[in-house]
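Down below is the structure, laid out as structure tokens.
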Amino acid sequence: MITVYGISNCDTVKKARAWLTQEGVAHTFVDFKKQGLPVEKLPVWEKALGWDKLLNRKGTTWRKLEAAEQAAVVDAASALAVMQQHASVIKRPVVEWSGSDGPVSVGFDANSWKARL
């Protein structure tokens, strides 16, 4: 089972979910805002993707952080701490492709997703 993590009003998440539905791919959606961030997943995602790929430094949430808080993000531990505190700073969607022990990706790209399926 594919699990998609993100925020329901995020345009990229909307596109990704619509694409999966259009392709007839069964999936589960976990909304960070409504269901909460599964904090136990962060270290798994960080190990699979790297903290720098998981952290969205271009988004509104990041830009709204104090400069000191941004500057304090220098490694995995500090990045994960910010992600726990501000789930919206995580790039979206995060996708677990075959359950919690399968490959993980972040972002949406129809061509690479089609290749996975």
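Read the figures in this text as sums done on the coordinates, not as results from a lab. Note that the coordinates shown come from a computational prediction; the quantities given were computed from them, not determined experimentally. Here Cβ is always computed from backbone atoms with ideal geometry, including for glycine, and neighbour counts include all displayed protein chains.
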Nitroxide proxy distance, nm - points 7 Å out along Cα→Cβ at residue 12 and residue 81: 2.5
Helix-only [θ]222 nm of the chain, DSSP H runs n ≥ 4, -39500 (n - 2.57) each, per residue, nearest 500: -11500 deg cm²/dmol
Surface/4 estimate of mean projected area, convex hull on alpha-carbon atoms of the chain, nm²: 6.9
Positive dipole terminus of the chain, leading residue within 90, 70, 9 (C-beta point charges): 9
Theoretical gain in end-to-end length, residue 23 to residue 110 [0.36 nm per residue, Cα-Cα removed]: 30.3 nm
Mean Cα-pair separation over length for the chain, i.e. relative contact order, pairs under 8 Å, 6 or more apart, %: 36
Under the Karplus curve 6.51 cos²θ - 1.76 cosθ + 1.60, θ = phi - 60°, whole-Hz ³J(HN,Hα) for the range 90-98, x wherever Gly or Pro sits: 7, 4, 9, x, 9, 10, 9, 7, 9
